[in-house]
Amino acid sequence: MRVVVGVSGGIAAYKAAELVRALQRQTVEVHVVMTESAQKFVQPLTFAALTGHKVITSLWDEGDPGAAVPEQNGIDHIAEAQWADALVVAPATANILAKFAHGIADDFLSTLYLAIAAPVVVAPAMNVNMWNHPATQANIETLRQRGVTIIEPGTGELACGMVGAGRMAEPDTIGAAVIAVLGRRRDLAGEVVLVTAGGTREAVDPVRFIGNRSSGKMGYALAEAARSRGARVILISGPSSLQAPAHCEILRVTTADEMRSSVLASMNEATLVIKAAAVADYRPIAVSAQKLKRTGPLTLELAPTEDILAEVVRRRRPGQLIVGFAAETENRLENGRAKLLAKGVDAIVVNDVAGEGVGIDSDTNAATFLTRATAVELPQMPKRQLADRIFDEILALRRPQSVVVELDDERDVEARKKQAIQNRVLEESVPVGAGRRHQLIVE
Ligand SMILES: Cc1cc2nc3c(=O)[nH]c(=O)nc-3n(C[C@H](O)[C@H](O)[C@H](O)COP(=O)(O)O)c2cc1C
């Protein structure tokens, strides 16, 4: 496993050496990138000695003054981004957090952050007032929404003499968080994940539409989580004010019909289809060519839209997993299970959209991950975190399931073993019970 440790310019920079050691103890290979300010606190030589690698201190390689064209001696931030399985910045100054949040790329570390598709962990450290400032808190929130893991600073006496939040977390704690992130780092590599997100809009007249309150946050969080775990991601999004997640292919649609065409055109490429969009169930039968005038009561006649999820299931390829979402306001589990069985999907994520702080347009969500055999409760948490939990559950569906098959006599056992092309025999057990039944454990 390979990790880039970024060090920015705070008093806690010296503790980054302990973080490097903590990661190395877990057999992680470490490269270190230092900002210019960080070098005022600690010499790059410290990290070079610890890692055995040259410390990257600039976008430009100043080590070769004789080069004919010095600009061509840039250090390759893209190659570094591809090398790393994760980036951890400790300490993370208020300044570097602001640059990450706003996409400023004026030194190696901030440029690397934009180029990296692997998970990013930051351990902020600063004076309590800097930490509590609305600008810093807004930047932290932006990064959290984008899937950056934030290791909250501790409270106590700070280097500046003040007391409050702002102390960098202990290097061992940061190291453990990096290892946890690495644990799931590439577990979706090789998968092509198609995610639908947001609501759709059905025109009533040239300026009005029937829509819903879906913000796209859950679908975008799923896209981001899949990407950071190594999948290729196709995100099909209804209208949304959210920034497109980095490194995902995004297809924008407006109506349920456009959503259908886009999903059907892309689904063949996908190994996993997650339908998190809130697609309109009805559309106006006639769309007025002119803006409707207020002339008295108005009745709109609506026709049902196509059931995209059912169509996706009908066209599924072998091995393709299909996960639907159900937004329920009552009888969540019963309705969710009914949808699971009626549609023939592998799993349904059931949301309670009527609860406080959960569901449509909110930043947090709680859900139940339903399969034919299981119901896993996922308690209220930020949508990005929930996205990772949902992928943990989806990946469990890919794991071989072992079952015990009981057979009446030995001839059945032999026959079963011969036809065990799909059902691989994991273990053969001895005859059981007085009735001489036989057991095979297969997957
Ligand atoms: C002695 C001293 C200590 C500092 N400690 C911190 C700190 O702990 N956290 C922080 O965010 N900024 C701190 N700063 C301010 C940063 O060094 C400054 O904002 C700098 O521009 C950060 O650059 P960088 O983010 O590129 O490393 C400190 C500055 C000085 C002079």
remark   = Taking placed amide H atoms and a strict 5 Å upper bound, the residues 5 or more places from Ile250 or on another chain that come that close are Leu235
note = For Ala373 and Ala159, extending 7 Å from Cα along the Cα-Cβ vector and measuring point to point gives, in nm, a value of 5.3 nm
inquiry  = How much of the DSSP bridge set in region 192-398 is antiparallel, in percent, rounded to the nearest 5?
reply    = 40 percent
key: Nonlocal amide H pairs with Phe325, under 5 Å, H built at 1.01 Å   = Lys275, Val349
request  = Decide, for region 116-273, between rounded, prolate and oblate: order the square roots of the alpha carbon gyration tensor eigenvalues as a ≥ b ≥ c, take rounded if a/c falls under 1.5, and otherwise choose prolate if a/b is larger than b/c, else oblate.
outcome  = oblate
ask   = If each of Met381 and Trp60 carries a label point 7 Å out from its Cα toward its Cβ, how far apart are those two points in nm?
value = 4.5 nm
remark   = Here the gain from full extension of Thr27 to Ala176, 0.36 nm per residue of separation minus their alpha-carbon distance, amounts to 52.4 nm
Share, in percent, of DSSP beta bridges within the chain that are antiparallel, nearest 5 = 40 percent
inquiry  = Between Glu330 and Leu298, what's the calculated FRET efficiency when r is the beta-carbon distance and R0 is 25 Å? Round to 0.05.
reply    = 0.25
note = Expressed in angstrom, Rg and Dmax over the Cα atoms of the chain are 26.7, 88
request  = Give me the distance in nm between label points sitting 7 Å out from Cα along the Cα-to-Cβ direction at Glu258 and Gln39, one decimal.
outcome  = 5.0 nm
ask   = Projected onto the charge dipole of the chain (+1 at Lys/Arg Cβ, -1 at Asp/Glu Cβ, origin at the Cα centre), which of Met381, His77, Ser214 gives the Cα projection farthest towards the positive end?
value = Ser214
ask   = Among Leu222, Leu333, Leu182, what is the fewest-to-most ranking by other Cβ atoms within 10 Å?
value = Leu333, Leu182, Leu222
query = How many lysine pairs does the chain hold where the Cα atoms are under 16 Å apart and the two sit 8 or more places apart or on different chains?
reply = 6
ask   = Counting Lys and Arg as +1 and Asp and Glu as -1, each charge on the Cβ, what is the dipole of the chain about the Cα centre in debye, to the nearest 20?
value = 800 debye
task = With a Förster radius of 51 Å, plug the Cβ-Cβ distance of Arg2 and Lys291 into 1/(1 + (r/R0)^6) and report the FRET value to the nearest 0.05.
result = 0.30
message = As I understand it, the dipole of the chain uses +1 on the Cβ of Lys and Arg and -1 on the Cβ of Asp and Glu, about the Cα centre. Which of Leu188, Trp131, Val4 lies farthest toward its positive end?
response = Leu188
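Any read-out appearing in this document is the output of simple, stated calculations on the displayed coordinates, not a laboratory observation. Bear in mind the structure is a predicted one, so any value in this text is a computation, not a measurement. Don't worry about glycine lacking a Cβ; one is built from the backbone with ideal geometry, like all the others, and counts go over all protein chains shown.
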